Amino acid sequence: MKIAVLPGDGIGTEITAQAVRVLKALNLPMELEEAPVGGAAYDRTGDPLPSATLDLARAADAILFGAVGGWQYDKLPREKRPEQAVLGLRKHLGLFANLRPSIVYPELVNASTLKPEVVSGLDILILRELTGDIYFGQPRGIRVAADGPFKGQREGFDTMRYADGEIRRIMHVGFAAARKRSRRLCSVDKANVLETMQLWKDVAAEVAAEYPDVEYSSMYVDNAAMQLVRNPRQFDVIVTGNMFGDILSDEASMLTGSIGMQPSASLNDSRKGLYEPIHGSAPDIAGKNLANPLATILSAAMMLRYSFDREDAAVRIESAVRKVLVQGLRTADIYESGTTKVGTVEMGDAVLKAL
Ligand code: IPM
Ligand code: MG
């Protein structure tokens, strides 16, 4: 098992350190190699995704990724910004299928800002297409408006686009996932306004016909955003594009109480994956031993499940995480009175002990 460890910026280094401890404790035949990425890589080399880091990621079977970004990089030209590292890795490695599960653990049901009766028992999977859409569509840029009432002014533009095959392959991933879950799939689009999304909806319906055993529906994204807080348990698998998936997955993470609990997997078609928490680098709490490492530890579990086919080891990690929650240990983001507040390292210690 060759694993590239890319901690990145801010709390990224602290949380990946804990996930690495957990992986090592499993005593599996694993080779871990670390490389800088994001702002940390820019500081050292002038490039947020240096070729040495990309080569390491290419050679690895799986990538454990922390988080990237920081205020000091916000004014850099776009191609130098830390975010380009994660976008570049996704694109270069063809990681088109982004799995973002949202699970409400019984111990954390009160950590959600939503009422317990709305979120308790929630277990949904947002499947976000990750290498297409307005994120990567060309042309894009800032130009001078050639006509219209704002003629002569600066005008920003981006291109939303999806090819038939691109939609089809993510739908197949979604239906296959639904078959292993509660057999319901909802495709989320904006076909009432956008041509790209009309194609999305048409292709989704065509693929759905190949899976008669899965209950298929489609929903407009604005309604889906509303339904996610009104009655999130109506969903099982949600399949959506890159932009809408970015937004809906952050929204869904808060149903569970904290974005600090949400792992993710980004897969290509040969099971190579990049595994990362869905939260960012949180520069405001970086270096203070405050960050919740559980999302990254749970991402390591997803790695064992999806890239290495080690369901047993994945379940071991997930059970250890459940155990520390049952023990009442909480980082600041999920703390409530009556529980025990711990830091990043202490949470890592507890998971190791539970393992
Ligand atoms: C995410 C993040 C990224 C995205 C950023 C950091 C480029 O928000 O993984 O959800 O927009 O995809
Ligand atoms: Mg996001």
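Every number here is computed from the coordinates shown, using simple stated rules; none is lab data. Computed from a predicted model, the values in this text were never measured in an experiment. Quick reminder, even Gly has a Cβ in these numbers, built from the backbone with ideal geometry, and neighbours come from all protein chains shown.
For every helix of n ≥ 4 consecutive DSSP H residues, a contribution of -39,500 (n - 2.57) applies; sum these over the chain, divide by its total residues, and give [θ] at 222 nm rounded to the nearest 500 deg cm²/dmol.
-12000 deg cm²/dmol
Where in the range 1-91 are there trypsin sites (Lys or Arg not before Pro) that are in a DSSP coil and have at most 11 other Cβ atoms within 10 angstrom of their Cβ?
Sites meeting the loop and neighbour criteria: 75.
Measuring from centroid to centroid over Cα atoms, what is the spacing of the range 127-196 and the range 1-31 in Å?
Here the answer is 33 Å between Cα centres.
Once Lys and Arg get +1 and Asp and Glu get -1 on their Cβ, which of 290, 121, 245 lies farthest toward the positive end of the dipole of the chain?
290
Modelling each spin label as a point 7 Å along the Cα-to-Cβ direction, I'd like the residue 25/residue 181 distance in nm, to one decimal.
Computed distance between label sites residue 25 and residue 181 equals 2.8 nm.
What is the gain in length, in nm to one decimal, between residue 154 and residue 55 on full extension, counting 0.36 nm per residue of separation less the C-alpha to C-alpha distance?
Between residue 154 and residue 55, full extension yields 31.8 nm more.
Could you line up 199, 130 from fewest to most neighbouring Cβ atoms inside 10 Å?
The fewest-first ordering by Cβ neighbours comes to 199, 130.
Could you tell me which of rounded, prolate or oblate describes the range 8-154, using a ≥ b ≥ c as the square roots of the eigenvalues of the alpha-carbon gyration tensor, with rounded for a/c under 1.5 and, failing that, prolate when a/b is larger than b/c and oblate otherwise?
oblate
Taking loop as defined by DSSP and a crowding limit of 12 other beta carbons within 10 Å, which trypsin sites (Lys or Arg not before Pro) in the range 146-183 fit?
Answer by residue number: 151, 180.
Would you list, by chain and number, the aspartates and glutamates whose Cα falls below 16 Å from the Cα of residue 323, excluding same-chain residues fewer than 8 positions away?
Of all the aspartates and glutamates, those that pass the test against residue 323 - Cα under 16 Å, at least 8 places apart if same chain - are 107, 346, 349.
Net charge around residue 71, counting only other residues with Cβ within less than 15 Å of its Cβ (Lys, Arg = +1; Asp, Glu = -1)?
-2
Mind sorting 279, 172, 92 by how few other Cβ atoms lie within 10 Å of their own Cβ, fewest first?
92, 172, 279
When N is the residue count of the chain, what does its C-alpha Rg come to as a fraction of 2.2 N^0.38 Å? Kindly include the intermediate steps, with their values, before the conclusion.
Details: Rg = 20.3 Å, N = 355, 2.2 N^0.38 = 20.5 Å.
Against the compact-globule rule of thumb, the ratio is 0.99.
Can you compute the FRET efficiency between residue 168 and residue 78 using 1/(1 + (r/R0)^6), with r the Cβ-Cβ distance and R0 = 22 Å? Round to the nearest 0.05.
Rounded to the nearest 0.05, the efficiency is 0.10.
Can you give me the relative contact order of the chain as a percent, contacts being Cα pairs under 8 Å and 6 or more apart?
It rounds to 21 percent for the chain.
Please give the Cα centre distance for the range 53-74 versus the range 286-355, rounded to the nearest Å.
Each part reduced to its Cα centre gives a spacing of 22 Å.
Considering the options 108, 150, 95, tell which one lies farthest towards the positive end of the dipole of the chain, charges being +1 on Lys and Arg and -1 on Asp and Glu at the Cβ, about the Cα centre.
Final value for the positive-end residue is 108.
Would you grab the residues whose amide H sits under 5 Å from the one on residue 5? Only those 5+ places off in sequence or on another chain, please, with H modelled 1.01 Å from N.
So residue 5 has HN proximity to 33, 34, 35, 64.
For a label point 7 Å from the Cα of residue 229 along Cα→C-beta, name the residues of the range 241-261 whose backbone N is under 16 Å from it.
247-259
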